[in-house]
Amino acid sequence: KGLRFAKQYSIPYKFFPSNNKERFERNSLFEIKKKKIKFLCLAGFMKILSNNFIRNFGYKIINIHPSLLPRYRGLDTHRRVLEAGEEKHGATVHFVTEELDGGPRIIQYCIPIKVKESEAELAQRVHEGEYIILPQAVAWLASQRLTLEGSNVILDDQKLEGPILIEDKHERSP
């Protein structure tokens, strides 16, 4: 889907088959450094980057994850949240570190879970929030307003004490 979009809008792209992780990462990192790319944004990537790749790129990688991290890392978040009877769910943009879905959180989108809401309905509403917070985080990175210093998220020269929270205020309805 991403390649079709790039072709349609004449966006430069490079495709590396991912059947060999080591070769994929080596080729990707070479191309990224050659093009002097300043940061990476993962969305729907669904692969775990090696610690070596993350360190070699200097921790300038962000990811979007469909849960209110640090809760519900990994896969099947919507199902797990519903099974746990949670009242809230959402999405998180975070810096990528060696710990799976464990990097410093930048911004979160939080929604109340509706009574008897299906997994598909919940996933769609979380996805809508992702369209709000991911472009915001990318804009901060692109304008050099957002950085990672050690384990501290810095926005506009201020250390964030926690992720910026965007809440959908719609009431939890039956």
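The values are calculated or read from the model by the stated rules, or taken from the named source; none is laboratory data. Bear in mind the structure is a predicted one, so any value in this text is a computation, not a measurement. As a convention, Cβ positions derive from the backbone with ideal geometry for all residues, glycine included, and neighbour counts pool all protein chains shown. With ligands, DNA and RNA removed, areas are computed over all heavy atoms of the protein, side chains included. Shrake-Rupley method; radii C 1.70, N 1.55, O 1.52, S 1.80 Å.
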Discussion item. At 1.306 mPa s and 10 °C, plugging the Kirkwood radius over alpha-carbon pairs of the chain into Stokes-Einstein gives what diffusion coefficient in µm²/s?
Written reply: 91
Practice prompt. Any chance you could give the angle, 0 to 90 degrees and rounded to 10, that helix 21-34 forms with the longest Cα principal axis of the chain?
Written response: 70
Response to the item:
Rounded to the nearest 10 Å², the accessible area of residue 157 using a 1.4 Å probe with every protein chain kept is 140
Response to the item:
The answer for GluC sites (Glu not before Pro) in the stretch 110-174 that fall in a DSSP coil and have at most 12 neighbouring Cβ atoms within 10 Å is 161, 171
Worksheet item: How big is D, in µm² s⁻¹, for the stretch 67-142 by Stokes-Einstein at 10 °C and 1.306 mPa s if Rh is the Kirkwood radius over C-alpha pairs?
Response: 124
Discussion item. Net charge within 15 Å of residue 144 by Cβ-Cβ distance, Lys/Arg positive one each and Asp/Glu negative one each, not counting residue 144 itself?
Written reply: +1
Fill in: Helix 119-142 vs. the chain, principal-axis angle (Cα, 0 to 90°, nearest 10)
40
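Of all the Cα-Cα pairs you can form in the stretch 36-76, what percent are over 12 Å apart? Let's see the in-between values first.
On the way: 539 of 820 pairs.
Within the stretch 36-76, distances greater than 12 Å cover 66 percent of Cα pairs.
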Worksheet, complete the sentence: Applying the gyration tensor rule to the Cα atoms of the stretch 112-174 (axes a ≥ b ≥ c; rounded if a/c under 1.5, else prolate if a/b exceeds b/c, else oblate), the class is prolate
Worksheet item: How large, in percent, is the carbon and sulfur part of the accessible surface of the stretch 13-114 at a probe radius of 1.4 Å?
Response: 52
Worksheet item: Over the C-alpha atoms of the stretch 1-73, what are the Rg and the largest Cα-to-Cα span, Dmax, in Å?
Response: 13.6, 39
Worksheet entry | Over 15 Å [Cα-Cα, the stretch 51-97], rounded percent | 48
Worksheet entry | Probe 1.4 Å, protein heavy atoms only - accessible area per residue of the stretch 1-130 in square angstrom | 61
Practice prompt. Any chance you could run the full-extension gain for residue 15 through residue 27? It's 0.36 nm times the residue separation minus the Cα-Cα distance, nm to one decimal.
Written response: 3.3 nm
Practice prompt. For residue 88, tell me the accessible area in Å² from a 1.4 Å probe, rounded to the nearest 10.
Written response: 110
